[in-house]
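Structure first, then comments.
Derivation of every value follows stated rules applied to the coordinates shown; laboratory data play no part. Here the structure is a predicted model, which means the values were calculated and not measured.
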Amino acid sequence: RLDLSMLGLKVDTDGTAEVAVANDEILTESDMRDFHKNNIVRALRRSNWKVSGAGGAAELLGIRPTTLADRIRTMKIRKPAVH
């Protein structure tokens, strides 16, 4: 597994990554998929799992809600169960 902190990325306590500093490290295609998926999950958490509308994850990501819904399905992202 890639250590994202070595790439100038800040890793949050929930395991998601946020770009902190740009550098010239190369991410593999797999690393990019993981980063992309983690970014979507981060937006969903921040929006309290609201996909569309004002303050929704699609708005935060700057993409259409239908595009986000498709990516959620494709990446098999699931909202964690509440305990």
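In order along region 69-74, the Karplus-derived 3J(HN,Hα) couplings, from 6.51 cos²θ - 1.76 cosθ + 1.60 at θ = phi - 60°, round to 4, 5, 5, 4, 5, 4 Hz, and Gly and Pro are given as x. Against the compact-protein benchmark of 2.2 N^0.38 Å, the Cα-based radius of gyration of region 19-83 scales to 1.21.
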